[in-house]
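The values are calculated or read from the model by the stated rules, or taken from the named source; none is laboratory data. Note that the structure is predicted; figures quoted are calculated from it, not measured. Here Cβ is always computed from backbone atoms with ideal geometry, including for glycine, and neighbour counts include all displayed protein chains. Surface areas here come from the heavy atoms of the whole protein model, side chains and all, with no ligands, DNA or RNA. Shrake-Rupley method; radii C 1.70, N 1.55, O 1.52, S 1.80 Å.
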Amino acid sequence: VMWDLERPPRSGRVVPVGAEVNGIAVRPGVAGDVAVAANDADRGTVVVERPSGDPGEIDLGTTFPFAIAYSRDGELVAVAGDQPAGPDSLAGVAVIYDADTLAEVARTAARPGQTMRAVAVLDASTYATGADGGLIQLSVDGVVREARTESGFGVRALAHTPTGELLVGDEFGALYCYDTADPDRPVGRIDLGRAITSIAVGGDGTVVAGTADGFVAAFIEALATDPAGAGPACDPSDWTRIDLGTSTETVTSVALLANGGLALIGTDGGTVELWDVSRRRQIGTLATAARDH
(Lines give C-alpha, C1' and ligand atoms only; values in the text may rest on other atoms or scores of the structure.)
Protein backbone atom coordinates (compact mmCIF):
# COMPACT_ATOMS: atom_id res chain seq x y z
CA VAL A 1 0.00 0.00 0.00
CA MET A 2 1.41 3.41 -0.98
CA TRP A 3 0.47 6.70 0.70
CA ASP A 4 0.99 10.36 -0.10
CA LEU A 5 2.68 11.51 3.12
CA GLU A 6 1.45 15.04 2.49
CA ARG A 7 -2.04 13.64 3.14
CA PRO A 8 -1.49 10.57 5.38
CA PRO A 9 -5.06 10.30 6.75
CA ARG A 10 -6.31 9.29 3.31
CA SER A 11 -6.37 5.63 2.34
CA GLY A 12 -3.30 4.41 0.50
CA ARG A 13 -3.31 3.12 -3.08
CA VAL A 14 -3.33 -0.68 -3.11
CA VAL A 15 -0.94 -2.37 -5.55
CA PRO A 16 -1.72 -6.09 -6.09
CA VAL A 17 1.39 -8.28 -5.84
CA GLY A 18 -0.21 -11.72 -5.81
CA ALA A 19 2.23 -13.25 -3.33
CA GLU A 20 3.56 -12.87 0.21
CA VAL A 21 5.50 -9.60 0.51
CA ASN A 22 8.86 -9.98 2.27
CA GLY A 23 10.52 -6.65 1.55
CA ILE A 24 10.02 -3.25 -0.04
CA ALA A 25 12.46 -0.55 -1.20
CA VAL A 26 12.03 2.91 -2.73
CA ARG A 27 14.52 3.96 -5.40
CA PRO A 28 16.43 7.16 -4.52
CA GLY A 29 16.31 10.01 -6.99
CA VAL A 30 13.64 11.32 -9.31
CA ALA A 31 12.45 7.95 -10.67
CA GLY A 32 10.43 7.04 -7.58
CA ASP A 33 10.36 3.33 -8.39
CA VAL A 34 9.07 1.00 -5.67
CA ALA A 35 10.49 -2.54 -5.65
CA VAL A 36 8.60 -5.30 -3.81
CA ALA A 37 10.18 -8.69 -3.09
CA ALA A 38 7.65 -11.49 -2.74
CA ASN A 39 7.21 -15.23 -3.02
CA ASP A 40 4.48 -17.83 -3.26
CA ALA A 41 4.77 -21.57 -2.64
CA ASP A 42 6.80 -22.16 -5.81
CA ARG A 43 8.97 -19.19 -6.71
CA GLY A 44 10.18 -15.73 -5.85
CA THR A 45 9.70 -12.47 -7.71
CA VAL A 46 10.46 -8.77 -7.57
CA VAL A 47 7.73 -6.44 -8.81
CA VAL A 48 8.84 -2.88 -9.65
CA GLU A 49 6.17 -0.18 -9.71
CA ARG A 50 7.33 2.69 -11.94
CA PRO A 51 5.45 6.02 -11.85
CA SER A 52 7.16 7.00 -15.09
CA GLY A 53 6.33 3.87 -17.08
CA ASP A 54 5.20 0.25 -17.20
CA PRO A 55 5.92 -1.99 -14.19
CA GLY A 56 8.96 -4.23 -14.28
CA GLU A 57 9.46 -7.72 -12.89
CA ILE A 58 12.37 -9.96 -11.96
CA ASP A 59 11.68 -13.69 -11.94
CA LEU A 60 13.77 -15.07 -9.07
CA GLY A 61 12.89 -18.66 -9.90
CA THR A 62 13.44 -20.91 -6.90
CA THR A 63 15.11 -18.14 -4.90
CA PHE A 64 12.89 -16.98 -2.04
CA PRO A 65 13.70 -13.36 -1.06
CA PHE A 66 14.00 -12.06 2.50
CA ALA A 67 15.40 -8.56 1.88
CA ILE A 68 15.66 -5.94 -0.87
CA ALA A 69 17.54 -2.63 -1.10
CA TYR A 70 18.53 0.06 -3.60
CA SER A 71 21.98 1.64 -3.79
CA ARG A 72 22.27 5.27 -2.65
CA ASP A 73 22.59 6.49 -6.24
CA GLY A 74 19.53 4.49 -7.33
CA GLU A 75 21.46 2.66 -10.04
CA LEU A 76 21.27 -0.83 -8.49
CA VAL A 77 18.76 -2.99 -6.64
CA ALA A 78 19.83 -6.01 -4.57
CA VAL A 79 17.90 -9.03 -3.30
CA ALA A 80 18.95 -11.50 -0.59
CA GLY A 81 17.32 -14.82 0.22
CA ASP A 82 17.49 -18.61 -0.08
CA GLN A 83 17.93 -20.95 -3.00
CA PRO A 84 18.10 -24.78 -3.18
CA ALA A 85 21.60 -26.15 -2.60
CA GLY A 86 20.68 -29.84 -2.90
CA PRO A 87 17.79 -32.26 -2.41
CA ASP A 88 17.33 -31.35 1.26
CA SER A 89 19.27 -28.13 1.82
CA LEU A 90 19.18 -24.40 1.15
CA ALA A 91 21.91 -21.79 0.79
CA GLY A 92 21.77 -18.03 1.06
CA VAL A 93 22.22 -15.96 -2.09
CA ALA A 94 22.34 -12.26 -2.93
CA VAL A 95 21.88 -10.92 -6.46
CA ILE A 96 22.55 -7.37 -7.68
CA TYR A 97 20.52 -6.00 -10.61
CA ASP A 98 20.67 -2.90 -12.79
CA ALA A 99 17.76 -0.78 -11.56
CA ASP A 100 16.82 0.40 -15.07
CA THR A 101 17.07 -2.79 -17.10
CA LEU A 102 16.65 -5.26 -14.19
CA ALA A 103 19.50 -7.29 -15.70
CA GLU A 104 21.72 -9.24 -13.30
CA VAL A 105 25.02 -7.51 -12.50
CA ALA A 106 26.59 -9.68 -9.78
CA ARG A 107 25.80 -12.38 -7.24
CA THR A 108 27.31 -13.97 -4.16
CA ALA A 109 26.33 -17.06 -2.16
CA ALA A 110 26.63 -18.24 1.42
CA ARG A 111 27.45 -21.75 2.51
CA PRO A 112 24.67 -24.38 2.49
CA GLY A 113 22.45 -24.06 5.54
CA GLN A 114 23.04 -20.33 6.01
CA THR A 115 20.11 -18.10 5.07
CA MET A 116 20.89 -14.58 3.85
CA ARG A 117 18.50 -12.21 5.63
CA ALA A 118 19.97 -8.77 4.89
CA VAL A 119 21.58 -6.88 2.01
CA ALA A 120 22.97 -3.36 1.47
CA VAL A 121 24.44 -1.78 -1.68
CA LEU A 122 26.74 1.23 -1.76
CA ASP A 123 27.58 1.21 -5.47
CA ALA A 124 28.38 -1.20 -8.31
CA SER A 125 31.62 -2.32 -6.67
CA THR A 126 30.63 -2.36 -2.99
CA TYR A 127 27.84 -4.33 -1.38
CA ALA A 128 27.27 -6.46 1.72
CA THR A 129 25.13 -9.37 2.84
CA GLY A 130 24.25 -10.77 6.26
CA ALA A 131 23.43 -14.38 7.08
CA ASP A 132 22.81 -16.85 9.88
CA GLY A 133 25.66 -17.65 12.25
CA GLY A 134 26.80 -14.02 12.25
CA LEU A 135 28.24 -14.21 8.73
CA ILE A 136 28.90 -10.90 6.94
CA GLN A 137 30.12 -10.95 3.35
CA LEU A 138 31.60 -7.77 1.91
CA SER A 139 32.25 -7.38 -1.80
CA VAL A 140 34.62 -4.52 -2.58
CA ASP A 141 35.92 -4.06 -6.15
CA GLY A 142 35.10 -7.68 -6.98
CA VAL A 143 36.87 -9.14 -3.94
CA VAL A 144 34.62 -10.88 -1.39
CA ARG A 145 35.76 -10.85 2.24
CA GLU A 146 34.04 -12.47 5.20
CA ALA A 147 33.58 -11.26 8.75
CA ARG A 148 31.49 -12.43 11.68
CA THR A 149 29.59 -10.67 14.39
CA GLU A 150 31.33 -10.82 17.75
CA SER A 151 28.22 -12.38 19.27
CA GLY A 152 28.02 -15.14 16.65
CA PHE A 153 24.29 -14.47 16.30
CA GLY A 154 22.64 -14.11 12.89
CA VAL A 155 22.66 -10.83 10.97
CA ARG A 156 19.18 -9.37 10.43
CA ALA A 157 19.88 -5.81 9.24
CA LEU A 158 22.49 -3.86 7.25
CA ALA A 159 22.90 -0.26 6.09
CA HIS A 160 25.74 1.84 4.68
CA THR A 161 26.65 5.15 6.25
CA PRO A 162 27.05 8.29 4.09
CA THR A 163 30.83 7.84 4.29
CA GLY A 164 30.75 4.17 3.29
CA GLU A 165 31.02 2.23 6.56
CA LEU A 166 28.66 -0.68 7.17
CA LEU A 167 26.17 -0.79 10.06
CA VAL A 168 25.23 -4.33 11.15
CA GLY A 169 22.43 -5.43 13.49
CA ASP A 170 22.25 -8.97 14.84
CA GLU A 171 19.79 -11.21 16.70
CA PHE A 172 21.73 -10.76 19.93
CA GLY A 173 20.88 -7.07 19.89
CA ALA A 174 24.31 -5.70 18.99
CA LEU A 175 24.70 -2.79 16.57
CA TYR A 176 28.14 -2.72 14.94
CA CYS A 177 29.99 -0.45 12.55
CA TYR A 178 32.50 -2.02 10.14
CA ASP A 179 35.10 -0.46 7.88
CA THR A 180 34.42 -2.12 4.50
CA ALA A 181 38.11 -1.90 3.60
CA ASP A 182 39.19 -3.65 6.81
CA PRO A 183 36.30 -5.75 8.17
CA ASP A 184 38.23 -8.12 10.44
CA ARG A 185 36.98 -6.32 13.57
CA PRO A 186 34.20 -3.77 14.01
CA VAL A 187 35.14 -0.12 14.44
CA GLY A 188 32.54 0.22 17.20
CA ARG A 189 29.61 -1.53 18.88
CA ILE A 190 26.67 -0.93 21.20
CA ASP A 191 24.44 -3.59 22.75
CA LEU A 192 20.74 -2.77 22.65
CA GLY A 193 19.72 -5.99 24.39
CA ARG A 194 17.00 -6.62 21.83
CA ALA A 195 17.24 -8.44 18.48
CA ILE A 196 17.73 -5.82 15.75
CA THR A 197 15.36 -6.33 12.82
CA SER A 198 16.07 -3.24 10.69
CA ILE A 199 18.36 -0.21 10.33
CA ALA A 200 17.90 3.08 8.48
CA VAL A 201 20.21 6.07 7.97
CA GLY A 202 18.86 9.56 7.25
CA GLY A 203 20.45 12.25 5.12
CA ASP A 204 21.29 14.26 8.24
CA GLY A 205 23.25 11.35 9.74
CA THR A 206 20.47 10.15 12.04
CA VAL A 207 20.45 6.37 12.58
CA VAL A 208 17.45 4.33 13.73
CA ALA A 209 17.38 0.61 14.58
CA GLY A 210 14.13 -1.33 15.00
CA THR A 211 13.98 -4.26 17.40
CA ALA A 212 12.02 -7.48 17.77
CA ASP A 213 10.31 -6.36 20.96
CA GLY A 214 8.73 -3.14 19.77
CA PHE A 215 11.38 -0.49 20.38
CA VAL A 216 13.30 1.78 18.02
CA ALA A 217 16.69 3.11 19.13
CA ALA A 218 17.33 6.51 17.55
CA PHE A 219 20.70 8.26 17.35
CA ILE A 220 20.10 11.87 16.28
CA GLU A 221 22.61 13.13 13.71
CA ALA A 222 25.09 10.49 14.88
CA LEU A 223 26.81 10.49 11.49
CA ALA A 224 26.44 14.18 10.62
CA THR A 225 29.44 15.58 8.73
CA ASP A 226 31.12 18.90 9.44
CA PRO A 227 31.55 21.59 6.74
CA ALA A 228 34.96 20.17 5.83
CA GLY A 229 33.33 16.83 5.03
CA ALA A 230 34.85 14.91 7.92
CA GLY A 231 32.36 12.86 9.91
CA PRO A 232 32.69 11.53 13.46
CA ALA A 233 34.10 8.09 14.17
CA CYS A 234 31.56 5.38 13.37
CA ASP A 235 31.27 4.06 16.92
CA PRO A 236 27.66 3.51 18.08
CA SER A 237 28.77 3.42 21.72
CA ASP A 238 29.66 7.14 21.45
CA TRP A 239 26.31 8.20 19.96
CA THR A 240 23.52 9.77 22.00
CA ARG A 241 20.62 7.31 22.09
CA ILE A 242 16.90 7.79 22.62
CA ASP A 243 14.27 5.03 22.55
CA LEU A 244 10.91 5.24 20.82
CA GLY A 245 8.34 2.84 22.29
CA THR A 246 5.95 1.66 19.60
CA SER A 247 2.53 0.09 20.10
CA THR A 248 3.60 -3.29 18.80
CA GLU A 249 5.48 -6.34 20.01
CA THR A 250 7.73 -6.42 16.94
CA VAL A 251 9.16 -3.76 14.63
CA THR A 252 9.51 -5.34 11.21
CA SER A 253 11.05 -2.40 9.34
CA VAL A 254 12.15 1.22 9.71
CA ALA A 255 12.72 4.04 7.23
CA LEU A 256 13.73 7.70 7.49
CA LEU A 257 12.82 10.64 5.32
CA ALA A 258 15.84 12.30 3.74
CA ASN A 259 16.36 14.83 6.55
CA GLY A 260 16.01 12.16 9.25
CA GLY A 261 13.32 14.02 11.17
CA LEU A 262 10.43 11.67 10.36
CA ALA A 263 10.60 7.90 10.90
CA LEU A 264 8.26 5.34 9.36
CA ILE A 265 8.03 2.24 11.57
CA GLY A 266 6.46 -0.93 10.19
CA THR A 267 4.92 -3.28 12.76
CA ASP A 268 3.73 -6.86 12.92
CA GLY A 269 0.32 -5.53 13.95
CA GLY A 270 -0.41 -4.40 10.40
CA THR A 271 0.31 -0.67 10.68
CA VAL A 272 2.99 1.86 9.82
CA GLU A 273 3.60 4.38 12.60
CA LEU A 274 4.86 7.90 11.81
CA TRP A 275 7.19 9.39 14.42
CA ASP A 276 8.80 12.77 14.95
CA VAL A 277 12.20 11.40 15.96
CA SER A 278 13.74 14.34 17.80
CA ARG A 279 10.56 14.98 19.83
CA ARG A 280 9.96 11.28 20.50
CA ARG A 281 6.34 11.72 19.48
CA GLN A 282 4.08 9.54 17.35
CA ILE A 283 2.23 11.80 14.92
CA GLY A 284 0.17 9.34 12.90
CA THR A 285 -0.64 5.78 11.89
CA LEU A 286 -1.16 4.25 8.46
CA ALA A 287 -3.26 1.07 8.30
CA THR A 288 -2.16 -1.58 5.84
CA ALA A 289 -4.32 -3.37 3.30
CA ALA A 290 -4.93 -6.16 5.79
CA ARG A 291 -6.80 -3.69 7.99
CA ASP A 292 -8.32 -1.29 5.46
CA HIS A 293 -9.48 -3.64 2.71
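Regarding GLY44, is this residue within 21 Å of SER253 (Cα to Cα), small (Gly, Ala, Ser), touching a helix residue (DSSP H, G or I) at 6+ places or on another chain (Cβ under 8 Å) and touching a residue at least 24 places away in the same chain (Cβ under 8 Å)? Criteria not met by GLY44.
For the range 71-95, give me each residue that is crowded, with 21+ Cβ neighbours inside 10 Å and either at pLDDT 95 or above or part of a strand (DSSP E or B) (or both). Show your work before the answer.
Within the range 71-95, the subset crowded, with 21+ Cβ neighbours inside 10 Å is 71, 76-82, 92-95.
Within the range 71-95, LEU76, VAL77, ALA78, VAL79, ALA80, GLY81, ASP82, GLY92, VAL93, ALA94, VAL95 qualify.
Show me the strands (runs of 3 or more DSSP E) entirely contained within the range 131-228 in which 1 or more residues are modelled with pLDDT of 95 or more, touching a Cys at 6+ places or on another chain (Cβ under 9 Å) and more than 25 Å from SER247 (Cβ to Cβ). Quick ask: steps written out before the conclusion?
On the way: elements: 135-140, 143-148, 155-160, 166-170, 174-178, 188-191, 196-201, 207-211, 215-219.
By residue number, 166-170, 174-178, 188-191.
Any idea which of (1) surrounded by 15 or more Cβ atoms within 10 Å (Cβ to Cβ); (2) on the phi < 0 side of the Ramachandran plot; (3) aliphatic (A, V, I, L, M) is the one VAL144 doesn't satisfy? Only one criterion in (1) surrounded by 15 or more Cβ atoms within 10 Å (Cβ to Cβ); (2) on the phi < 0 side of the Ramachandran plot; (3) aliphatic (A, V, I, L, M) is unmet by VAL144, namely (1). If I ask for residues that are over 23 Å from LEU223 (Cβ atoms), part of a loop (DSSP other than H, G, I, E, B), open to solvent by less than 60 Å² (accessible area, probe 1.4 Å) and touching a residue at least 24 places away in the same chain (Cβ under 8 Å), which ones from the range 247-285 would you list? Hits for the range 247-285 are THR248, THR250.
Is it true that THR101 is more than 26 Å from ALA233 (Cβ to Cβ) and assigned to a loop (DSSP other than H, G, I, E, B)? Spell out the reasoning first.
On the way: more than 26 Å from ALA233 (Cβ to Cβ): yes; assigned to a loop (DSSP other than H, G, I, E, B): yes.
Judged against the criteria, THR101 is a match.
Within the range 10-63, if we keep just the residues that are part of a loop (DSSP other than H, G, I, E, B) and surrounded by 19 or more Cβ atoms within 10 Å (Cβ to Cβ), the residue that is nearest to the chain's Cα centre (by Cα) turns out to be ARG27. Of the residues examined, THR149 is one that is more than 24 Å from THR63 (Cα to Cα) and surrounded by 22 or more Cβ atoms within 10 Å (Cβ to Cβ). Scan the range 230-286 for residues that are β-branched (Val, Ile, Thr) and within 20 Å of THR163 (Cβ to Cβ) and the total you get is 1.
Of all residues in the range 96-110, exactly one satisfies the criterion of being crowded, with 22+ Cβ neighbours inside 10 Å and over 26 Å from GLY53 (Cα atoms), namely ALA110.
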